[in-house]
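Below you'll find the structure, written out as structure tokens, and then a few comments.
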Amino acid sequence: MTIIESIILGAVQGLTEFLPVSSSGHLQIAKALLGVEIEENLLFDVTLHAATVLSTIVILWAEIKRLLMGVFSRHFNEEQAYIIKLIISMIPIGIVGFFFKDHINEMLESPYILTIVGAMLLLTAALLSFAYYAHPRQKEEISYRDAFIIGLSQAVAAMPGLSRSGTTIATGILLGNKKSVIAQFSFLMVLAPIMGEMLLEIADGEMALDSIGTLPLICGFLSSFTVGCLACKFIINIVNRGKLIWFAAYCAIVGTVAIVSNFI
């Protein structure tokens, strides 16, 4: 992988992370278009995800700081309750990461990866469409039960091409949560799992670094972080105000093209 390729892939990750269109799916499509082949796909992908997690922390720092300050209160408060909900939501993806990490990496290296990505993008389109047309009674806050169910949807979204943010936001809306509330929860709930996965990859990733190259990995990280910072603030507002049906239409088109291209 060249430095230019890693910068382009980082930019793709940084831009698509905050849209309900599957950043992992777009990464695989971008790799195919660039002709990039990586032995350790998961390490590179997790590194780029870690960069966008860092950009999320930078942009949402005021909210994260408020939650952290609330932890030290001697009386149980809404900040502590919110953090407990975040922890509950992280349990399913932690289980998936522990037991199915190797299977996911094998899937990323499959010659049929574009077909898988395309099918999952079509599923993302269906979920977003369903959430758009559904009109459940809206609740003021996310319940503990909802947090766990949203966490289950995040675990399912470990499939390449199934948008994590799209799946969790759609699930939250179908459960009756406000779009603005669930959007923020969706971006915060991924922080710890991605950083934890990144630390695990660093712990046993010496051979992987040799296969990718340290400099391309760093350049990809910096590109993803920079674009993520620029995109996060604006795209969160777009997701909050925008109609999910437009993202659904986009996912349907890209998913169809990905599937067809794999057979040409």
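No lab work stands behind these numbers, since they all come straight from the coordinates. Computed from a predicted model, the values in this text were never measured in an experiment. Glycine gets a Cβ as well: all are built from the backbone with ideal geometry, and neighbour counts include every protein chain shown.
Observations, loosely collected:
- Cleavage-rule hits, trypsin sites (Lys or Arg not before Pro), segment 108-152, DSSP coil, Cβ neighbours within 10 Å at most 16: R137
- For E78, E5, E140, E109, order by how many other beta-carbon atoms lie within 10 Å, fewest first: E140, E78, E109, E5
- Computed from backbone phi, the HN-Hα couplings of segment 175-180 come to 7, x, 8, 5, 4, 5 Hz, rounded to whole numbers (Karplus: 6.51 cos²θ - 1.76 cosθ + 1.60, θ = phi - 60°; Gly and Pro given as x).
- Taking the charge dipole of the chain about its Cα centre, with +1 at Lys and Arg Cβ atoms and -1 at Asp and Glu Cβ atoms, the residue from A231, G14, N105 reaching farthest to the positive side is A231.
- Segment 167-174 - phi-based ³J(HN,Hα) in whole Hz, Karplus 6.51/-1.76/1.60, Gly and Pro as x: 5, 5, 5, 4, 4, x, 5, 5
- Computed about its Cα centre, the charge dipole of the chain is approximately 1420 debye, with only Lys, Arg, Asp and Glu carrying charge at their Cβ.
- Relative to the dominant Cα principal axis of the chain, helix 61-71 is inclined by about 50°.
- Angle of helix 244-261 to the longest C-alpha principal axis of the chain, folded into 0 to 90 degrees and rounded to 10: 20°.
- Selection among A30, S153, A51 by position relative to the dipole of the chain gives S153 as farthest towards the positive end (Cβ unit charges, Cα centre).
- For the pair I253 and Y144, label points projected 7 Å from Cα toward Cβ lie 4.5 nm apart.
- Amide H to amide H, with H built 1.01 Å from N, K178 comes under 5 Å of K139, counting only residues 5 or more places away or on other chains.
- Taking every C-alpha pair closer than 8 Å and separated by at least 6 residues, the mean separation divided by the residue count of segment 3-261 gives a relative contact order of 40 percent.
- Counting lysine pairs in segment 3-261 whose alpha carbons fall under 28 angstrom apart, excluding pairs fewer than 8 residues apart on the same chain, gives 22.
- Cα gyration tensor shape for segment 3-261, rounded if a/c is under 1.5, else prolate or oblate: oblate
- Net lengthening on full extension, I95/R74 (0.36 nm per residue, minus Cα-Cα): 4.4 nm
- Contour excess over end-to-end distance, with Cα ends at V260 and R66 and 0.36 nm allotted per residue: 65.1 nm
- Taking θ as phi - 60° and the Karplus parameters 6.51, -1.76 and 1.60, the scalar couplings of segment 105-122 work out to 5, 4, 5, 5, 9, 5, x, 9, 4, 5, 5, 4, 4, x, 5, 6, 5, 5 Hz in sequence order, x denoting glycine and proline.
- A81 paired with K233, simple spin-label distance in nm, labels 7 Å along Cα-to-beta-carbon: 3.1
- Estimated at 0.36 nm per residue, the fully extended path between A32 and W246 surpasses their Cα-Cα distance by 74.5 nm.
- Dimensionless Rg over Rh [segment 1-149; C-alpha; Kirkwood]: 1.02
- Its DSSP H runs of at least 4 residues, each contributing -39,500 (n - 2.57), put the calculated 222 nm mean residue ellipticity of the chain at -26000 deg cm²/dmol, to the nearest 500.
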